[in-house]
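**Student:** Before anything else, here's the structure in question.
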Amino acid sequence: MILVIGAGSGKKENLTLDAYSTIKNANNIVLKTEKMPIAALLEDEGISYSTLDALYEQAEDFDDLNKRIKAHLSGLTDPVYVVHGSALDDTSVRLLDDVKIIPGVSVSDCMLAFLNASSDAKSYTTTEILDGVLPSPHTDSIITCIDSSLLASEVKCILTEIFGDEYPVNFYTEDFNGVQSKQDIMLYELDM
């Protein structure tokens with residue numbers, strides 16, 4: 001079985017007690033990437049872990065990456081797979097067989113709280129947007145997993161058809177330490 005832990009935003013304060021306790025007592029921790037705030041926490045606590053960063057470099061796209069992650073984790077003994085966010089919205093987790101999930105605080109929840117925004121917003125991943133699952137202009141939308149200029153450009157082109165170039169966007173980010181920030185931009189600036 002693969003135990004999946006949603007690390008929330010990755011800051012210690014946003015880990016659930018169950019997630020934190022499980023991580024402290026685990027023997028085979030695998031981080032999806034070292035580029036998550038939880039990596040610094042694990043190092044501070046003296047907890048050893050491995051990462052899947054090499055798989056990112058080998059993969060052609062996110063579908064390929066997720067298949068490689070599944071194959072890698074399936075070959076390990078009792079892995080504790082730690083992902084950013086809630087774990088319930090991570091595309092690699094959706095492919096895994098025989099899993100137990102300890103969900104975390106979603107990145108969307110952290111963002112909504114930081115922006116003091118409505119919880120009525122509908123959340124989409126970049127993968128969903130690229131697959132044609134499109135937001136409505138009549139409701140607030142959250143687009144997650146925009147992690148490169150290329151993806152930002154592709155998402156921008158699709159959303160421009162719905163909202164227009166001059167649509168105001170709150171661009172939310174968390175750095176590797178979990179520090180949150182927001183920048184007000186126009187949709188046409190998304191990939192800049």
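**Student:** Could you look through the range 13-34, keep only residues that are more than 23 Å from GLY75 (Cβ to Cβ) and in contact (Cβ under 8 Å) with a residue 60 or more places away in the chain, and pick out the one that is most open to solvent (accessible area, probe 1.4 Å)? Steps first, please.
**Tutor:** Here is the first cut: in the range 13-34, the residues more than 23 Å from GLY75 (Cβ to Cβ) are 13-21, 24.
Then drop every residue that is not in contact (Cβ under 8 Å) with a residue 60 or more places away in the chain, which leaves 14-16, 18-19.
Details: ASN14: 42, LEU15: 20, THR16: 45, ASP18: 84, ALA19: 0 Å².
Out of the qualifying residues, it is ASP18.
**Student:** While we're here: State all residues of the range 1-24 that are part of a helix (DSSP H, G or I) and in contact with an Asp or Glu (Cβ under 8 Å, 6 or more places away or on another chain); if no residue qualifies, say none.
**Tutor:** Within the range 1-24, LYS24 is the sole residue that qualifies.
**Student:** Let me ask something else about it. What's the total number of residues in the range 91-124 that are more than 23 Å from VAL179 (Cβ to Cβ) and part of a strand (DSSP E or B)?
**Tutor:** 6
**Student:** Anything in the range 1-30 that is in contact with a helix residue (DSSP H, G or I) (Cβ under 6 Å, 6 or more places away or on another chain) and farther than 12 Å from GLY85 by Cβ? List them, or say none.
**Tutor:** ILE2, LYS11, LYS12, listed by residue number.
**Student:** Further question on the same structure: Contact list please: Cβ distance under 7 Å, first residue in the range 169-192 and open to solvent by 50 Å² or more (accessible area, probe 1.4 Å), second residue of a type in the set (D, E, K, R) and assigned to a loop (DSSP other than H, G, I, E, B), pairs at least six apart or on different chains.
**Tutor:** Between residues of the range 169-192 that are open to solvent by 50 Å² or more (accessible area, probe 1.4 Å) and residues that are of a type in the set (D, E, K, R) and assigned to a loop (DSSP other than H, G, I, E, B), the close pairs are PHE176/LYS35; MET186/ASP165; MET186/GLU166; TYR188/ASP165.
**Student:** Scanning the range 36-94 for residues that are of a type in the set (Ser, Thr, Tyr) and out of contact with any helix residue (DSSP H, G or I) (no Cβ under 9 Å at 6 or more places or on another chain), which turns out most open to solvent (accessible area, probe 1.4 Å)?
**Tutor:** Of the range 36-94, the ones of a type in the set (Ser, Thr, Tyr) are 48-51, 56, 74, 77, 81, 86, 91-92.
This time we only want the ones that are out of contact with any helix residue (DSSP H, G or I) (no Cβ under 9 Å at 6 or more places or on another chain), so: 50, 74, 77.
Values: SER50: 49, SER74: 80, THR77: 106 Å².
Taking the candidates together, the pick is THR77.
**Student:** Taking SER118 and the conditions (1) free of Cβ contacts under 8 Å to residues at least 24 places away in the same chain; (2) open to solvent by less than 40 Å² (accessible area, probe 1.4 Å); (3) hydroxyl-bearing (Ser, Thr, Tyr), which numbered condition does it fall short on, given that it satisfies the others?
**Tutor:** Failed condition: (2).
**Student:** For the range 147-157, which residues satisfy the criterion of being open to solvent by 50 Å² or more (accessible area, probe 1.4 Å) and in a helix (DSSP H, G or I)?
**Tutor:** Answer for the range 147-157, where residues must be open to solvent by 50 Å² or more (accessible area, probe 1.4 Å) and in a helix (DSSP H, G or I): SER149, LEU150, GLU154, CYS157.
**Student:** Would you mind telling me which numbered condition in (1) hydrophobic (A, V, I, L, M, F, W, C); (2) under 15 Å from TYR188 (Cα atoms); (3) buried (at least 18 other Cβ atoms within 10 Å of the Cβ) MET111 fails?
**Tutor:** It is condition (2) that MET111 fails.
**Student:** Here are THR144, THR160: which of them is surrounded by 14 or more Cβ atoms within 10 Å (Cβ to Cβ), closer than 28 Å to LEU17 by Cβ and out of contact with any Lys or Arg (no Cβ under 9 Å at 6 or more places or on another chain)?
**Tutor:** Working: THR160 fails: closer than 28 Å to LEU17 by Cβ.
From the options THR144, THR160, the qualifying one is THR144.
**Student:** Now for a different question. Give me the residue from the range 39-82 that is among the small types (Gly, Ala, Ser) and outside any loop (DSSP other than H, G, I, E, B) and, out of that set, farthest from ILE2 (Cα to Cα). Spell out how you get there, then give the answer.
**Tutor:** At the first step, the residues of the range 39-82 found to be among the small types (Gly, Ala, Ser) are 39-40, 46, 48, 50, 54, 59, 71, 74-75.
Then drop every residue that is not outside any loop (DSSP other than H, G, I, E, B), which leaves 39-40, 50, 54, 71, 74.
Working: ALA39: 20, ALA40: 23, SER50: 15, ALA54: 20, ALA71: 12, SER74: 8 Å.
Ranking the candidates gives ALA40 first.
The values are calculated or read from the model by the stated rules, or taken from the named source; none is laboratory data. All values derive from a computational prediction rather than experimental measurement. No Cβ is skipped: glycine too gets one built from the backbone with ideal geometry, and neighbour counts run over all protein chains shown. Ligands, DNA and RNA are stripped out before the accessible areas are found, and what is left, the full protein with its side chains, is counted by its heavy atoms. Shrake-Rupley method; radii C 1.70, N 1.55, O 1.52, S 1.80 Å.
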